[in-house]
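Here the structure comes first, spelled out in structure tokens, and everything after it is commentary.
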Amino acid sequence: MTQDEIFAAFEGDRWFDRNHAALQQYAPDTDIPLQLIDLYHLCPQHVLEIGAANGFRVATIATHYGASGVAVEPSADARRDGATRFPHIQFVQGEAHAIPLHESFDLIIVNFVLHWVDRTRLLQSVAEIDRLLADEGFLILGDFLPTNQTKVPYHHLTEHIVSTYKQNYAAPFLASGLYHAVGLLTGDHSAKVLHGDVEEHERVLERTEVPDRDPDVVADADQPTHRVDREPHRRLGPAALEEPPVAGDPGRGEQDPRDRDHPPRDP
């Protein structure tokens, strides 16, 4: 079984059972994705969260902004709980690499999920996220960001070999040339303070009190290189992608050599 299949079959329900009590203590004022939405004055109207548990976060966003919200989650127990608590949210059974949706969203949140994705399905997951994000939409990623890629055994499962993988998950999106990095927040794991001037082995986003997928990640943190990345990324529309100059085109002509090293402009 792949890691995705293990989480879909039973570990997703186990995770929800272990963290159910913490989810009841969700505090929107201390939630980093919500803080990023407010900081950058986003006004989402159609929001998707992948790995949404019982939909606590996307429900808060939908209520606050008058948006429609969709929660994708493999755990049946989490979806049932969320459907009872947040009837205004659409719950969808799915995994990051295979999401049975066809509409596009102006905001997608993937918060402490990709480090669990089976490596054979990571690029599929990136493609699915990109497929569902509208042009000019925003993607908020939250995950560990060590200097070197890190693989850590997942200690909650002893009957299966499962690992968590810490790496720069923004990289494949930015490498596509379709995304613009809007912001980055990092924090100190020990001091529980958001700032970037910390030693590498302590650089992590403080998420202890926030009831998302982070409690298990912190429990898994047996390695010293743990850093967390929170980046809202904007998906560029076709108008933002510069076309190469066409020789002899009187409307455009040859590219001015002084402009060749200039980065693409934001729309």
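A few notes on this one:
- Test: residue in segment 152-169 that is hydroxyl-bearing (Ser, Thr, Tyr), modelled with pLDDT under 60 and out of contact with any Gly (no Cβ under 8 Å at 6 or more places or on another chain): no
- Selection within segment 131-146 - among the acidic types (Asp, Glu) and buried (at least 23 other Cβ atoms within 10 Å of the Cβ): Asp143
- Residues within segment 94-123 that are in a loop (DSSP other than H, G, I, E, B) and touching a residue at least 60 places away in the same chain (Cβ under 8 Å), tallied: 6
- Phe7 vs. criteria in contact with a strand residue (DSSP E or B) (Cβ under 6 Å, 6 or more places away or on another chain) and on the phi < 0 side of the Ramachandran plot: no
Listed here are the residues, each with its yes/no results for (1) in contact with a Lys or Arg (Cβ under 9 Å, 6 or more places away or on another chain); (2) within 30 Å of His160 (Cα to Cα); (3) at pLDDT 85 or above.
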{"site": "Asp31", "(1), (2), (3)": "yes, no, yes"}
{"site": "Leu36", "(1), (2), (3)": "yes, no, yes"}
{"site": "Leu39", "(1), (2), (3)": "no, no, yes"}
{"site": "His46", "(1), (2), (3)": "no, no, yes"}
{"site": "Asn54", "(1), (2), (3)": "yes, yes, yes"}
{"site": "Thr60", "(1), (2), (3)": "no, no, yes"}
{"site": "Ala67", "(1), (2), (3)": "no, no, yes"}
{"site": "Val72", "(1), (2), (3)": "no, yes, yes"}
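- Neighbours by Cβ (under 8 Å, 6+ apart or cross-chain): first from segment 174-195, part of a helix (DSSP H, G or I); second of a type in the set (A, V, I, L, M) and at pLDDT 60 or above: Leu174/Ala181
- Selection within segment 89-120 - among the aliphatic types (A, V, I, L, M) and either surrounded by 21 or more Cβ atoms within 10 Å (Cβ to Cβ) or more than 26 Å from Lys166 (Cα to Cα) (or both): Ile89, Val92, Ala96, Leu101, Leu107, Ile108, Ile109, Val110, Val113, Leu114, Val117
- Per-region count, segment 68-93, residues in a loop (DSSP other than H, G, I, E, B), touching a residue at least 40 places away in the same chain (Cβ under 8 Å) and not hydroxyl-bearing (Ser, Thr, Tyr): 2
- Number of the condition not met by Thr84 [criteria: (1) modelled with pLDDT of 90 or more; (2) more than 20 Å from His156 (Cα to Cα); (3) surrounded by 13 or more Cβ atoms within 10 Å (Cβ to Cβ)]: (3)
- Residue in segment 16-26 that is in a helix (DSSP H, G or I), aromatic (Phe, Trp, Tyr), closer than 22 Å to Val117 by Cβ and at pLDDT below 85 present: no
- Yes/no for Glu128 being surrounded by fewer than 20 Cβ atoms within 10 Å (Cβ to Cβ), out of contact with any Gly (no Cβ under 8 Å at 6 or more places or on another chain), of a type in the set (Asp, Glu) and under 21 Å from Ile6 (Cα atoms): no
- Unmet criterion (only one of (1) more than 27 Å from Ile6 (Cα to Cα); (2) under 13 Å from the mean Cα position of the chain (by Cα); (3) at pLDDT below 90) for Phe138: (3)
- Meets criteria (among the aliphatic types (A, V, I, L, M), without any contact (Cβ under 8 Å) to a residue 40 or more places away in the chain and under 20 Å from Ala98 (Cβ atoms)) for Ala21: no
- Consider segment 154-172 and keep the residues that are in contact with a strand residue (DSSP E or B) (Cβ under 6 Å, 6 or more places away or on another chain) and either small (Gly, Ala, Ser) or not in a loop (DSSP other than H, G, I, E, B) (or both). The one that is surrounded by the fewest Cβ atoms within 10 Å (Cβ to Cβ) is Ser163.
- Selection over segment 38-57 of residues that are within 23 Å of Leu184 (Cβ to Cβ), touching a Phe, Trp or Tyr at 6+ places or on another chain (Cβ under 8 Å), of a type in the set (A, V, I, L, M, F, W, C) and not in a loop (DSSP other than H, G, I, E, B) gives a count of 2.
- Residue within segment 109-125 that is at pLDDT 95 or above and under 15 Å from His46 (Cβ atoms) present: yes
The values are calculated or read from the model by the stated rules, or taken from the named source; none is laboratory data. Source: prediction; values computed, not measured. Backbone-built Cβ (ideal geometry, glycine too); neighbour counts: all protein chains shown.
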